[in-house]
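The values are calculated or read from the model by the stated rules, or taken from the named source; none is laboratory data. These numbers were taken from a predicted model, which means no experiment stands behind them. The protein model used for the area step is the full one, side chains on, heavy atoms only, and it has no ligands, DNA or RNA in it. Shrake-Rupley method; radii C 1.70, N 1.55, O 1.52, S 1.80 Å.
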Amino acid sequence: MSAAELQGRWWSWAASSTGGANPVSDPDGHLCAKGQQGGVWFLAGTFGGSAKRSCTVPAGVPLAFPLVNSVGEPADCTAFMALAQGSATLDGREVPAERFDATPVQITAVDGNPVLQGGGRFRTHACGLWVQVEPLAAGSHTVGIRGSSGSFAVSVDYQLQVSGG
């Protein structure tokens, strides 16, 4: 996916659920299927801090997730990306990340979401360090997400079970 499509779709997914039902605030993975629309399976970081999550992922669907990301004006993204760093592992092997600087995106959000607070459809800019992974083989897999920018840091460990396909 292009930088604009990937980020716009992820932010819309992350902002499609309210408070305690939001996959970004999910402590254990019980919300990882919430709002998934097919075509790509999104994983979430946190609002800062760490989480250990377990979830089932359908076979034949690629994964996509940020190591660290932000939305705002282009200057906000420039400042955020100046300090952005991160790494990802899949089954213990490092996976390369893509750097997306300020990219115009369109986001749809529900009222009361903890990601963007406000609801509606709007245009903004998104940026971050992103990973896109081809569909995984059936079975168990681990994904480690580490990212930071300034004092904001994310650490998430996923135990994924890919259903037979």
Quick one: in segment 49-145, what % of C-alpha pairs are over 19 Å apart? 53 percent
Whole percent per 5 Å bin, from 0 to the bin with the longest distance: what is P(r) over all C-alpha pairs of the chain? 2, 9, 19, 23, 23, 15, 6, 2, 0
How much of the accessible area of the chain, probe 1.4 Å, is carbon plus sulfur, in whole percent? 53 percent
Counting only heavy atoms of protein chains, what accessible area per residue, in Å², does the chain have with a probe of 1.4 Å? 45 Å²
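Top to bottom by accessible area (1.4 Å), largest first, where do 125, 30 land? If you can, show how the numbers build up before the last one.
Values: 125 50, 30 120 Å².
Reading off the accessible areas and sorting them downward yields 30, 125.
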Per its Cα gyration tensor (rounded if a/c is under 1.5, else prolate when a/b beats b/c, else oblate), segment 1-82 is best filed as oblate
Run the numbers for residue 25 and residue 56: contour at 0.36 nm per residue of separation, minus the present Cα-Cα distance, in nm. 9.4 nm
Determine the calculated [θ] at 222 nm for the chain from helices alone, applying -39500 (n - 2.57) to every DSSP H run no shorter than 4 residues and normalising by the residue count; nearest 500 deg cm²/dmol. -4000 deg cm²/dmol
Segment 124-165 shape via C-alpha gyration tensor axes, a/c threshold 1.5: oblate
